[in-house]
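Each remark here refers to the structure printed beneath this line.
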Amino acid sequence: MLLGIITLFPDMFNAITRYGVVGRSVRKGGLVIKIWNPRDFTYDQYHKVDDRPYGGGVGMIMMIQPLKRAINQAKNDLGCDAKVIYLSPQGKRLCQKYVYDLAYNNQALILVCGRYQGIDERLIKMEIDEEWSIGDYVLSGGELASMVLIDAMARVLPGTLKNRNSQKSDSFFENKLDCPYYTRPKIYEGMQVPSVLLSGNHRDINKWRLKYALGNTWIKRPDLLKKIQLTQEEQLLLTEFKNEYL
Ligand SMILES: CCN(CC)Cc1ccc(CNC(=O)c2csc3nc[nH]c(=O)c23)cc1
């Protein structure tokens, strides 16, 4: 997948291009990330990229021209059918199913990261195909949101995660939270690991994990439970969990 990033802070993206599954995917070439800085597309001596908003108000707005030139350069380099996404507080709220859609339905994406109070509306009208937000809280710019999107897409792209089932087990893939996990030591300050996990009986272990994933979801994110149709077995397990819990 080809990713073009338009940002005033290119170095921020070292945080994902150098580490972890994204870093590996970039090194292996599964993910190609190219970055353009609008400041490099200014011709005035101060390399101006922002200006005061017409009509007054706090903060500054990113100007059209440097962004437009940077986006055009990215389109030329990545191919003109690249979809242009603007990360913005006004955007559609990102969740796992949209991560899949974006990762699987686009050969190339250009991610425009805003700073200050945002960008000139005319640039949005002219150049932006889709606006996306990562949640209802206020960040300082679009860079962290872009990195969240890139990390989530990299995990679902073929060849990124070693064992495919870890993607399958990414619980948001099935609208369920994870079950509890344990590792050595077997006993810590008197607290034991549930014995079924030490039994080696994988049928019982999977059953226990499904029961506690459902129980966890019922306790911590009941809203997710409303979205899924539980199987007969899952309903039984959840009832068992509730009876033990209450
Ligand atoms: C809340 C929007 N605006 C109110 C006047 C101001 C504003 C705040 C923060 C920003 C910078 N944020 C992003 O660029 C951003 C890009 S994606 C995103 N997702 C969640 N929250 C976010 O703040 C963002 C831009 C405008």
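The values are calculated or read from the model by the stated rules, or taken from the named source; none is laboratory data. Keep in mind that what you see is a predicted model, and the values were worked out from it rather than measured. Positions of Cβ are generated from backbone atoms using ideal geometry, with glycine treated the same way; all protein chains shown enter the neighbour counts. The area values use the complete protein model at the heavy-atom level, side chains included, leaving out ligands, DNA and RNA. Shrake-Rupley method; radii C 1.70, N 1.55, O 1.52, S 1.80 Å.
Surface analysis of the range 186-246 yields an accessible area of 73 Å² per residue, using protein heavy atoms and a 1.4 Å probe.
Between residue 219 and residue 203, residue separation times 0.36 nm minus the direct Cα-Cα distance comes to 3.3 nm. Rounded to 0.05, the FRET efficiency of the residue 107 and residue 139 pair, given R0 = 25 Å and the Cβ-Cβ distance, is 0.35. Listed by chain and number, the aspartates and glutamates placed with their C-alpha closer than 18 angstrom to that of residue 211 are 170, 174, 178, 223, 233, 234, 240, 244; residues fewer than eight positions away on the same chain are left out. Taking a ≥ b ≥ c as the square roots of the Cα gyration tensor eigenvalues, with a/c under 1.5 meaning rounded and otherwise prolate when a/b beats b/c, else oblate, which class fits the range 60-164? Since a/c reaches 1.5 but b/c is at least a/b, the shape of the range 60-164 is classed as oblate.
Kindly work out what percent of the DSSP beta bridges joining two residues of the chain are antiparallel, to the nearest 5. Antiparallel bridges make up about 15 percent of those DSSP assigns within the chain. Distance between the 7 Å Cα→Cβ label points at residue 191 and residue 232: 3.8 nm.
In the chain, Cα pairs under 8 Å separated by at least six residues give a relative contact order of 19 percent. Hey, rough spin-label estimate for residue 121 and residue 242, points 7 angstrom out along Cα→Cβ, what's it come to in nanometres? With each label point 7 Å from Cα toward Cβ, the separation is 5.0 nm.
For the peptides 121-127, 45-51, 211-217, what is the packing order when you average, over each peptide's residues, the other Cβ atoms within 10 Å and list the highest mean first?
211-217, 121-127, 45-51
By how many degrees, between 0 and 90 and to the nearest 10, does the Cα long axis of helix 64-78 differ from the longest principal axis of the chain? The angle comes out near 60 degrees.
Taking Cα atoms only, the orientation of helix 96-105 departs from the longest principal axis of the chain by about 60 degrees. Calculated accessible area for the range 42-173 comes out at 55 Å² per residue, all protein chains present (probe 1.4 Å; ligands, DNA, RNA ignored).
Just the protein heavy atoms count here, and of the accessible area of the range 57-202 at 1.4 Å, carbon and sulfur take up 52 percent.
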